[in-house]
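As structure tokens, the structure follows; a few thoughts come after it.
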Amino acid sequence: EEEDEDEDEEEEGEEEEEEDEDEYADDNAFPRGGEVGAGAMETDDGAAGGEADGAGRVVLHEDKRYYPTLGEVYGEEVETRVEEEDSQPITQPIVAPAAKHEFDLSEPPGATSYSPAFLASLLGCPGLVRNVAVVGALGHGKTALLDLLIEHTHPEMRAKGEAEGSAPKVEGAGDEARRRTQASLRAHDPGRVWLERRYLDARKDEQARGLSIKANPISLVLATSRAKSFALNLIDAPGHVCFADEGAAALRLADGVALCVDCVEGLLMPAERMVRQAVSEGLRVVLVLTKLDRLIVELRLPPADAYHKLRHTVAHVNALLREAALTAP
């Protein structure tokens, strides 16, 4: 009898569990207030189920809103636009190809005052060839000196300057004295291209920075005062202290040195190093005083004072040459 009572109690317990499960399933299948399952489905009017109206209508999948609109995110005062078409044309690639960088500037050779055959004949005679390295400190007129020599042997350059009437304006020149100097030179000779043609600065970065980075050579035919022609292989060496290796290489290739010294600034440390190396190589040094107009335009010196200034610069260079000759190995 006890066993029968225990079996009856187990059967009653199982029946109660089944009734609880049925009630839970019925509650989830048919919720009150239009709710479906454990979550609320959005109705057609944009409000969640379970509101006071209790419509409980099902919203299609394409009509549902899972994210807030741009107006709700940024506010009504912010104007938002959505581009349905591509703003990039189909002819333009999404990933642009690698740009081809050009470092050197090329210019067709112009007509010279001598024929190329004459230059070649001079280069065939070692006794008529001079290899000259043009050295000096930064901004002391080395490239400008070579521009004048190139202009002297290329008549088209001067004719072009005379046709234009004046050289173009200086862009980005912050030195007022430099602009006054160039304006004065243009007033005396409008046809001459005074505004730094920089013919031997054949790199784009050299033209952009306004200084020489690499040593550039050029061959010209120049005559002496006795009308005897020589083939000159001129090497424009950089004057910046960071490119002193280019100047050292130019001195190894040269038979002589043209030392450019600004008459106002005098002999600076980079030029002194070049002079000492030239003396140690056994090269002859020719002094070229540049920017003489600065004594008049900028310093406004009278003739006597300008003479003493130039004499002091020449004496400084001679003293350095004597000292370098005594200490040379």
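The values are calculated or read from the model by the stated rules, or taken from the named source; none is laboratory data. All of these numbers come straight from a predicted model, not from anything done at the bench. Note that we place each Cβ from the backbone using ideal geometry, even for glycine, and neighbour counts take in every protein chain shown. Please note that ligands, DNA and RNA were not included when accessible areas were found on the heavy atoms of the full protein model with its side chains. Shrake-Rupley method; radii C 1.70, N 1.55, O 1.52, S 1.80 Å.
List of remarks:
- For the stretch 116-127, the set of residues classified as loosely packed, with under 15 Cβ neighbours inside 10 Å and not aromatic (Phe, Trp, Tyr) consists of Pro116, Ala117, Ala120, Ser121, Leu123, Gly124, Cys125, Pro126, Gly127, listed by residue number.
- The combined condition, being surrounded by 14 or more Cβ atoms within 10 Å (Cβ to Cβ) and part of a helix (DSSP H, G or I), is not fulfilled by Leu326.
- Some residue of the stretch 99-122 being within 26 Å of the chain's Cα centre (by Cα), assigned to a loop (DSSP other than H, G, I, E, B) and modelled with pLDDT of 75 or more: yes
- Residue ranges of helices (runs of 4 or more DSSP H) in the stretch 209-314 with at least 1 members open to solvent by less than 30 Å² (accessible area, probe 1.4 Å) and either modelled with pLDDT of 95 or more or closer than 19 Å to Thr143 by Cβ (or both): 244-253, 269-280
- Any chance Thr143 is closer than 23 Å to Val261 by Cβ, open to solvent by less than 20 Å² (accessible area, probe 1.4 Å) and modelled with pLDDT under 80: no
- For Ala133, the criteria (1) at pLDDT below 85; (2) in contact with a helix residue (DSSP H, G or I) (Cβ under 7 Å, 6 or more places away or on another chain) hold in every case but one, which is (1).
- Listed conditions (1) among the aliphatic types (A, V, I, L, M); (2) at pLDDT 90 or above; (3) surrounded by 16 or more Cβ atoms within 10 Å (Cβ to Cβ) are all met by Ala167, apart from (2).
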